[in-house]
Amino acid sequence: AFHTQGEVIFWGLENMEPPESETIVNEFARVSGYEPVKSANSYAGYKDWYIQDWRRPGFTVELGKGTNPLPISQFDEIYQKSLGIFLAGLYM
């Protein structure tokens with residue numbers, strides 16, 4: 001899932017995520033500069049449902065910083081950082 005607030009990547013859910021999740025999120029962090037954050041205290045998001053029901057790696061990427069709606073001036077930076085994540089998803 002992609003949201004807009006914080007330049008972090010949320011991953012994991014009560015240790016239900018498979019071991020490869022950490023490898024994947026670390027690569028996403030490397031290519032984007034976003035901080036990986038394990039197990040945010042949320043249980044109602046798409047990432048949480050996906051991990052819980054499918055036991056597959058799931059992530060919520062929070063793009064950009066500031067107050068929503070984010071300014072259009074952040075578009076190029078957000079695009080470049082998220083492009084790295086999209087491309088890493090092809091080889092991870």
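When PRO18 is tested against (1) closer than 13 Å to GLU62 by Cβ; (2) not in a strand (DSSP E or B), only condition (1) is not met.
Scanning region 79-92 for residues that are in contact (Cβ under 8 Å) with a residue 24 or more places away in the chain, in contact with a Ser or Thr (Cβ under 9 Å, 6 or more places away or on another chain) and not small (Gly, Ala, Ser) turns up LYS81, ILE85, MET92. Between PHE28, PHE10, the distinction of being touching a residue at least 40 places away in the same chain (Cβ under 8 Å) and part of a strand (DSSP E or B) belongs to PHE10 only. When the criteria are applied in full, ASN15 meets the requirement of being surrounded by fewer than 14 Cβ atoms within 10 Å (Cβ to Cβ), out of contact with any Lys or Arg (no Cβ under 6 Å at 6 or more places or on another chain) and at positive phi. GLN74 fulfils the conditions (1) of a type outside the set (A, V, I, L, M, F, W, C); (2) surrounded by fewer than 14 Cβ atoms within 10 Å (Cβ to Cβ); (3) without any contact (Cβ under 8 Å) to a residue 12 or more places away in the chain except for a single criterion, (2). Any chance region 70-79 includes a residue that's aliphatic (A, V, I, L, M) and farther than 16 Å from HIS3 by Cβ? Yes, region 70-79 contains at least one residue that is aliphatic (A, V, I, L, M) and farther than 16 Å from HIS3 by Cβ. Scanning region 49-65 for residues that are closer than 21 Å to SER32 by Cβ, in a helix (DSSP H, G or I) and not aromatic (Phe, Trp, Tyr) yields a single hit, ILE51. Scanning region 52-64 for residues that are surrounded by 11 or more Cβ atoms within 10 Å (Cβ to Cβ) and either over 17 Å from ALA1 (Cα atoms) or without any contact (Cβ under 8 Å) to a residue 12 or more places away in the chain (or both) turns up just one, TRP54.
Just so you know, all these numbers are worked out from the coordinates, no wet-lab data involved. All of these numbers come straight from a predicted model, not from anything done at the bench. In this analysis, Cβ positions are derived from the backbone assuming ideal geometry, glycine residues included, and neighbour counts consider all displayed protein chains.
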